[in-house]
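*Asks:* First the structure, then my questions, so here it is.
The values are calculated or read from the model by the stated rules, or taken from the named source; none is laboratory data. Remember, predicted model here, so these are calculated numbers, not experimental data. Reconstructed Cβ throughout: ideal geometry from the backbone, glycine too, with neighbour counts over all protein chains shown.
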Amino acid sequence: MEYTLSFIEPGTQLISVTIRVEGGKKGEKTTFHLPKWRPGRYELQRFDKLIGEVQAFDEGSKQARTVTQITTHSWEIETGAEGCIIHYLFYANQRDSGGSVFDKDGIYLNPCNFLLYTTDTIHEPCTMALEIPESYRIACGLKQEKNTLFAKDFHELADSPLFASDKLQHDDFYVGELHVHLWFMGECKPDFGSFRKDITAYTQAQIAVFGDCPVSEYHYLCLILPYTFRHGVEHQTASVNTIGPGFNLMQPEKYNSFIELLSHEFFHTWNVKYLRPADMYPYEYDKENYSELHYITEGITSYYGDLMLYKSGIYNLNRFIKNLNTEIYDHSLLPGKDKISLRKASFNSWVNGYGAETGIPNHKISFYTKGYIVAFLLDYEIRSHSKNKFSLDNVLREMYQKIAKQSKGYTKADFKEICEKFGGKSFDAFFEKYIDGISPLEDALKSAGKYFGLVLRKIGASATSENIWGLKLAGNQIQGIHPNSPAALAGLSKGDEIVAVNGYKATSGEELFRYFSEEEEITIHYFHFEQIQSVVLVQSEFREEKIPTLAISAFPSEDSEENIVEWIKIQPFEPNLVVGR
């Protein structure tokens, strides 16, 4: 398949897509598909809304060919014996790590957003030519000749985002044999020395975990925005990492957040791009690719994205535990944790999506967040039962070396069996409680914490409105209500807007809730479907210090100190290692 992209006036943000299709049989009709989703985001996308009318013409005479749209994402086109030219417009104005943008400053494309494909030719070579100004540079992991990119098949092309601009900031360096490229699009002043140092450190640690790196070149495409934002998407030889505001990129907290994002996305090079659940091997773009294993693809990656910063010396123990506690805190405040299992949350990403809670209130958890915590617990279980001889490192390495390298996907049974191999025990109870079930995590966290010299304590929610009254607020609007809380018992609803607390205007609701936190009851005035109403909230036993958090012990045991030392280590790669239970 040959694709050509031309770029209309930047103000329109329209891209002209032309596809040259080779001929087949006389009168033949071919079905072309637009992807319904993109790898890395396990929910249906509406790319079809960004596609203009699809037209087809005879290549020589320019005579129109018949085009029939048969679904929202599929078109039947008369290709004929001579082949044809397909043409349509694409609107590129989505500024995140999964979208595409075209404006006066440059071009950022995710081909999966807009390229049509056929199931018969999906494994055949593709080219994509860009009609761009001579001054533009192209940042992409694909082979390139002038302004034409070459892919071995549609899978590779769809998985290869790109930047094209005359304003790109670029640095490249080697980590061993891996050629690393850093590309920045957007206003920022990156300290390339700091990025080189930290990326080199965590890259070496990640390669050590898996034994080798499956790619020889890797591109970090960094989309910098002028407002607060953070999002990343993994690809086989690249990642798109969106952060903002770019003006404070090198400030410590923003920089640390960005390095965590880069480490997470690079870890995906192994864990989901090469080492992939069988449910998604290969990707099928025309339908949902259901999987119950996103606690592995995303949860374990989230854990290791931070753990690699600790193992490589970029973070100390305090910083790593701070990140772990953030995940524990966020999960603990989700009422859905008592209803939805990690396995179910993985499957339901296609229903519930990402971000703000949708569907039935209090029936959702994050497989990123709980997956991070469960990965930590699983690492502890393997370490403690093998006396630190093995860890979750060994499990991932074995899966990569013996499953991914055989061009196969893995199942839950594969994962569990390998965990049991290195843990030297059955993991039936662990999976039943924490992956397939909804058992509380507190006791397990207490045991794991003790092993590493950490003390488990209880805290309340940082927001008084949530800790005492059970209200999740965004400004003055109720975003969620905890079951059995004073707010729930009083009949408040998601979407209600609080306008006064104890007779005082709620310019900032949280400030008033904090001020009146010692009152046994408070009066709330609020809008419910544009009607002003009032209600009395009465404090109850809901107010408890019930969120677990881990703190470094002031008096760690010798064993726990040794366990910490072993936690930082990465076991050497032993390709012929034999382990028995």
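*Asks:* Looking only at region 307-330, count every residue that is within 30 Å of Y281 (Cα to Cα) and surrounded by fewer than 23 Cβ atoms within 10 Å (Cβ to Cβ) and tell me the total.
*Replies:* Adding up the residues that qualify gives 1.
*Asks:* Does region 375-395 contain at least one residue that is in contact with a Lys or Arg (Cβ under 7 Å, 6 or more places away or on another chain) and over 28 Å from S349 (Cα atoms)? Give the steps one after another, and end with the answer.
*Replies:* Of all residues in region 375-395, those in contact with a Lys or Arg (Cβ under 7 Å, 6 or more places away or on another chain) come to 385, 391.
Keeping just the survivors that are over 28 Å from S349 (Cα atoms) gives 385, 391.
Yes: region 375-395 contains one or more residues that are in contact with a Lys or Arg (Cβ under 7 Å, 6 or more places away or on another chain) and over 28 Å from S349 (Cα atoms).
*Asks:* Among residues belonging to region 88-104 that are among the aromatic types (F, W, Y) and closer than 15 Å to D48 by Cβ, point out the one that is farthest from the chain's Cα centre (by Cα).
*Replies:* Y88
*Asks:* Return yes or no: is C112 touching a Lys or Arg at 6+ places or on another chain (Cβ under 8 Å), farther than 22 Å from F229 by Cα, of a type outside the set (V, I, T) and buried (at least 22 other Cβ atoms within 10 Å of the Cβ)?
*Replies:* It is true that C112 is touching a Lys or Arg at 6+ places or on another chain (Cβ under 8 Å), farther than 22 Å from F229 by Cα, of a type outside the set (V, I, T) and buried (at least 22 other Cβ atoms within 10 Å of the Cβ).
*Asks:* Please go through region 523-550 and pick out each residue that is without any contact (Cβ under 8 Å) to a residue 24 or more places away in the chain, within 30 Å of K458 (Cα to Cα) and in a strand (DSSP E or B).
*Replies:* Matches in region 523-550: T523 only.
*Asks:* If you don't mind, there's one more thing I want to ask. Hey, A164 hits all of (1) closer than 19 Å to H235 by Cα; (2) out of contact with any Lys or Arg (no Cβ under 8 Å at 6 or more places or on another chain) but one; which does it fall short on?
*Replies:* So A164 meets the others, but not (2).
*Asks:* Here's another thing I want to ask about it. Please find, within region 105-126, the residue that is farthest from V54 (Cα to Cα) out of those that are within 25 Å of the chain's Cα centre (by Cα) and of a type in the set (F, W, Y).
*Replies:* Y108
*Asks:* Within region 469-493, track down each residue that is aliphatic (A, V, I, L, M) and outside any loop (DSSP other than H, G, I, E, B).
*Replies:* Within region 469-493, L471, L473, A474, I478, I481, A487, A488, L489, A490 meet the criteria.
*Asks:* Here's another thing I want to ask about it. Restricting to region 289-302, what's the tally of residues that are among the acidic types (D, E) and either at pLDDT below 95 or closer than 19 Å to G232 by Cβ (or both)?
*Replies:* 1
*Asks:* Additional query: Quick check on region 68-78: of everything there that is surrounded by 16 or more Cβ atoms within 10 Å (Cβ to Cβ) and touching a Lys or Arg at 6+ places or on another chain (Cβ under 7 Å), which residue is modelled with the lowest pLDDT? Please lay out each step first, then the result.
*Replies:* Within region 68-78, the subset surrounded by 16 or more Cβ atoms within 10 Å (Cβ to Cβ) is 73-75, 77-78.
From what is left, the residues that are touching a Lys or Arg at 6+ places or on another chain (Cβ under 7 Å) are 73, 77-78.
Working: H73: 97, I77: 95, E78: 92.
Residue satisfying both the conditions and the ranking: E78.
*Asks:* So in region 276-299, with the set limited to residues that are surrounded by 24 or more Cβ atoms within 10 Å (Cβ to Cβ) and hydrophobic (A, V, I, L, M, F, W, C), which one is nearest to L342 (Cα to Cα)?
*Replies:* Among those that are surrounded by 24 or more Cβ atoms within 10 Å (Cβ to Cβ) and hydrophobic (A, V, I, L, M, F, W, C), it is L293.
*Asks:* In the list L471, L489, L445, which residue meets the criterion of being farther than 30 Å from F555 by Cβ and either surrounded by 20 or more Cβ atoms within 10 Å (Cβ to Cβ) or of a type in the set (D, E) (or both)?
*Replies:* The match here is L471.
*Asks:* Identify all residues within region 194-225 that are touching a residue at least 40 places away in the same chain (Cβ under 8 Å), under 15 Å from L262 (Cβ atoms) and surrounded by fewer than 16 Cβ atoms within 10 Å (Cβ to Cβ); write none if there are none.
*Replies:* Selection gives S194 alone.
*Asks:* Which of the residues that make up region 308-318 are under 20 Å from I199 (Cα atoms) and in contact (Cβ under 8 Å) with a residue 60 or more places away in the chain?
*Replies:* M308, L309, Y310, K311, S312, G313, I314, L317
*Asks:* Would you check if there is a residue in region 91-105 being surrounded by fewer than 18 Cβ atoms within 10 Å (Cβ to Cβ), assigned to a loop (DSSP other than H, G, I, E, B) and hydrophobic (A, V, I, L, M, F, W, C)?
*Replies:* no
Residue-wise test of (1) outside any loop (DSSP other than H, G, I, E, B); (2) modelled with pLDDT under 95; (3) out of contact with any helix residue (DSSP H, G or I) (no Cβ under 9 Å at 6 or more places or on another chain).
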{"site": "K421", "(1), (2), (3)": "yes, no, no"}
{"site": "K425", "(1), (2), (3)": "no, no, no"}
{"site": "K433", "(1), (2), (3)": "yes, no, no"}
{"site": "A448", "(1), (2), (3)": "yes, no, no"}
{"site": "L456", "(1), (2), (3)": "yes, no, no"}
{"site": "A461", "(1), (2), (3)": "no, yes, no"}
{"site": "G495", "(1), (2), (3)": "no, yes, yes"}
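*Asks:* Under 7 Å between Cβ atoms, at least 6 apart or on separate chains: pull out the pairs that start in region 7-18 with a residue that is within 13 Å of V54 (Cα to Cα) and end on any residue that is in a loop (DSSP other than H, G, I, E, B) and among the β-branched types (V, I, T).
*Replies:* These pairs meet every condition: S16/I8.
*Asks:* Could you say whether any residue in region 82-90 is farther than 19 Å from S16 by Cα, out of contact with any Lys or Arg (no Cβ under 7 Å at 6 or more places or on another chain) and of a type outside the set (G, A, S)?
*Replies:* yes
*Asks:* Can you tell me which residue among F267, F184 is crowded, with 19+ Cβ neighbours inside 10 Å and touching a His at 6+ places or on another chain (Cβ under 9 Å)? If you could, list the steps in order and put the result at the bottom.
*Replies:* Working: F267 fails: touching a His at 6+ places or on another chain (Cβ under 9 Å).
Going through F267, F184 in turn, the sole match is F184.
*Asks:* Still on this structure: Sort out which residues of region 52-67 are at pLDDT 95 or above, buried (at least 16 other Cβ atoms within 10 Å of the Cβ) and part of a loop (DSSP other than H, G, I, E, B), and write them in order of number.
*Replies:* Across region 52-67, the qualifying residue is only V54.
*Asks:* State all residues of region 226-285 that are among the hydroxyl-bearing types (S, T, Y) and without any contact (Cβ under 8 Å) to a residue 24 or more places away in the chain; if no residue qualifies, say none.
*Replies:* Once the filter is applied, which keeps residues that are among the hydroxyl-bearing types (S, T, Y) and without any contact (Cβ under 8 Å) to a residue 24 or more places away in the chain, region 226-285 yields Y227, T228.
*Asks:* For the structure I just gave you, tell me whether S462 is on the phi > 0 side of the Ramachandran plot and under 26 Å from the mean Cα position of the chain (by Cα).
*Replies:* No: the conditions fail for S462.
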